[in-house]
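Taken together, the values in this text are just the output of simple stated rules run on the coordinates, not laboratory data. This structure is a prediction, so every number in the text was calculated from the model and none was measured. Quick reminder, even Gly has a Cβ in these numbers, built from the backbone with ideal geometry, and neighbours come from all protein chains shown.
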Amino acid sequence: MQTRPLYPPFTVGVDLGGTNTVYAIVDKTGYIIDKASFPTETPSVDVWADMLADGISAMIDRHSLQGDIVGIGIGAPSANATTGSIEGATNLPWPPPVPLANLMEARLGLPVKVNNDANAAAIGEKAYGVAAGMNNFIVLTLGTGVGGGVICNGHLLSGARGFAGELGHITFPFAADRMCGCGRKGCLETVASARGVVETARRLMADSDRPSSLRNLTAEQLTSKAIAEAAEAGDALAKEVFEFTGECLGKAAAEFAAFTDPEAIILFGGVAKAGDLLVEPMREAFGKQTLHLYRDRVRFMISALEGANAALIGAASLPLL
Ligand SMILES: [Zn+2]
């Protein structure tokens, strides 16, 4: 039985990942009414679409919400919001282009909005998170990669093909000696992604013989989460890893501010869980680096969307903007 009041409008969020497809019905407050998942690996994209459509229909029936769902939002890598298709190469089992919106609209008869994870996170923060009421802010997603979602004048910046805001692949001098997965050197992603944080720790350990609990970890155990835990426990070298990462993010944010004059910059994703370890050096570096017009004008925040479900909740917000 339902114990909590539910607030319309209701949407369906879909988080399409390389391993699992997770879907949920979400209410106006970002509350997950019901959630299910299945492995993304299927014989064809049509089989995948059938499984997703059947699952969503059954979930809607189970909660007697037929006619009450205003739309479906799908967060997916390399998604073109304009065409509703996945167009770039991804770690998904099917070759692009994948016409996600058409596939699901044909099966469910509901409007479908598709966007990449970072843009979904930005709209999610506005709909349900720390950016409620804000019309100008930037979300930086710090996970396996680094993404950007930019809300300006109340609108999501999308550009001609929906690829605006790839802030993880803007290059900076502080990363000049790091190779990015995109084939270029110096991208923000090479320092601020989970992999980037691990690389910073690896370099700091190699450059000195300072003691650190991180030296006891195997290569597999040395993750950004383990480094954050060591920093919280007082490990000086681990703290320095996040001071460096935060400083780089602050310098990057100082440049991003000049594009859209944001009220806030919000950190989202696994690496963002480091919280103040990251935000304090970020704020300080931003203050030193940014043009006087933006100094003391930008708030730095950590996403309030519920950790494990953040991407899913972000996707559910897509039909709302
Ligand atoms: Zn890059």
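When His169, His155 are ordered from fewest to most other Cβ atoms inside 10 Å of their Cβ, what list results?
So the ranking, lowest neighbour count to highest, is His155, His169.
Report the extension gain between Ala236 and Asn102 in nm, rounded to one decimal, defined as 0.36 nm multiplied by the number of residues separating them, less their alpha carbon distance.
Taking Ala236 through Asn102 to full extension adds about 43.0 nm, to one decimal.
Along the principal axes of its C-alpha atoms, what lengths does the stretch 134-303 span, in descending order and rounded to whole Å?
Between the extreme Cα coordinates on each principal axis of the stretch 134-303 lie 49, 34, 25 Å.
Measuring from centroid to centroid over Cα atoms, what is the spacing of the stretch 276-320 and the stretch 25-103 in Å?
Result: 27 Å between the Cα centres.
Round to the nearest 0.05 the FRET efficiency obtained for Leu217 and Thr83 when R0 = 45 Å and r is the Cβ-Cβ distance.
Step by step, r from the Cβ atoms, then E = 0.55.
Return the calculated 222 nm mean residue ellipticity for the chain, to the nearest 500 deg cm²/dmol, obtained by summing -39500 (n - 2.57) across DSSP H runs with n ≥ 4 and dividing by the residue count.
-11000 deg cm²/dmol
Find how much the distance from Glu306 to Ala132 grows on full extension, using 0.36 nm per residue of separation minus their present alpha carbon separation; answer in nm with one decimal.
Length gained between Glu306 and Ala132: 61.1 nm.
In nm, what is the difference between 0.36 nm times the number of residues separating Ser208 and Arg297 and their Cα-Cα distance?
My answer for the length gained is 28.2 nm.
By its C-alpha gyration tensor, with a ≥ b ≥ c as the square roots of the eigenvalues, how is the chain shaped: rounded for a/c under 1.5, else prolate for a/b larger than b/c, else oblate?
In terms of gyration-tensor shape, prolate.
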